[in-house]
Amino acid sequence: MRLRTALLAAVLGTGMLAPLASTAASPSASCSWVAKSEPDTVNVAYPDTNASYWSHPYVNASGTELVIHGTYPRARYVSFHVYQPSGVPLDSVYDAKIRPDKGSSNPFAGGPARAARQHYTVHVVFTPRPAKPAPNTLYAGTSALGATRNPGGLLMMRVYTPTDASSPQGGGPLPTVSLATATGTTLAAGQACSNDLPDTHGLGTSSLNQASYPHSVAATTTQITWGKAFGNDAFGFFGNQQNAYLTAGIDRAYGDLVVIRTRAPRFPNTVKGVLPSARDQLRYWSICQNSASTRVNACTADYQTVVDRKGYLTIVISDPAHRPRNATAANGVTWLPWGVADEKGLIIYRHMVPSSSFPQAIQSITKDDDPKKVMGAYFPDARYCFQKSFEHGGWDGCLES
């Protein structure tokens, strides 16, 4: 709970809901988005380093709603989520499901990539979610448990992998968030901007990743156990409802080196000009090494990860001092830092918006399933290893039974 409060406090300036009312009810004097988070400044709740997050506080004020006006970004993915104060998502809508305004087109749903008009409008209403929800509408009236009134929380916008890395919002202005009556009368309109938190350009995280742990231990060939992360209606970590996650804990007590090997799912590489609406196995995937404190150390996204001719990836997680000489892209290996501050860690493997023709997605795993049987060749084999073993035999020298 302390970490979730820290996230709210960092974004809002306080963890209490009282200031939310004044912020949400009077956005005209400020930006629509209270803050854009950046891993060095709000590095909690396991953020993905290939995504940007903007937050807007809201209160459940009877007879009002929030109205979001924007332009579809040039990016892999965009979504809006509403959260209750404990970090549990109440509702969400993502790009392909956001209907365009009249006269506009949606590039995420197959519309022209360079159409003159690409505008949308999304509503946040403070009523329970009905059996047949209205299009472009988020419901934040009741808690995730459904029995109590939700007092307020955070509206969050995510943008993954913008086409232009220098424009995290995907080109163009940020959307505006207006407060209106339930009948459509605007009470206050925020500007299309964000009061961004200070950007340290990754210096804090970089300093942790470039150093090595003060001592080493003898590695083993112990296999690392993965499990799917299932949600909790009482407490959460501001999760993304379009993602499903495999997680695996790692511990230096078993070794300084972790090797991951798996088949890589196909994805639309928007960085190379592929449209996000292109049919593929997943919209996006990534593997991240995280601190047990919910801080992220580093991620490798689909388009950043080296994949061999057979469609497989190899990832090595270690400190710089224990990085094998052949753990390089030239040798078909993607390297991630363990993080000098962490004796233990948590690997998170994300799958986003799977195709119905890709049953091996993490989303397909139920609580009664063996993840390895569901995912088949796409299940990540992860084990501890010796640095010399990897330098001598590569991944197969570490993953052999």
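Just so it is clear, none of the values below were taken in a lab; they were calculated from the coordinates. None of these values were measured; they are calculated from a predicted model. FYI the Cβ positions are ideal-geometry reconstructions off the backbone, even for glycines, and counts take in every protein chain you see.
What to note about this one:
- Extending 7 Å from Cα along the Cβ direction at D233 and again at R129 yields two label points whose distance is 1.1 nm.
- Overall form of the stretch 74-114 per C-alpha gyration tensor (a/c, 1.5; a/b vs b/c): prolate
- Amide H within-cut-off set for N106, under 5 Å, with H built and near neighbours excluded: G111
- Cα gyration tensor, the stretch 203-399 - rounded (a/c under 1.5), prolate or oblate: prolate
- For the stretch 332-348 versus the stretch 86-112, the gap between their alpha-carbon centres in whole angstrom: 34 Å
- Sites A321 and T181 - FRET efficiency at Förster radius 60 Å, r taken between beta-carbons, to 0.05: 0.50
- Cross-link partners of K388 among lysines (Cα-Cα below 29 Å; sequence separation of 8 or more within a chain): K310, K344, K372
- Packing, as the average of other Cβ atoms within 10 Å across residues, places the peptides 172-183, 52-63 in the order 52-63, 172-183, highest first.
- Hits among lysines - C-alpha to C-alpha of K373 under 18 Å, sequence gap 8 or more where chains match: K228
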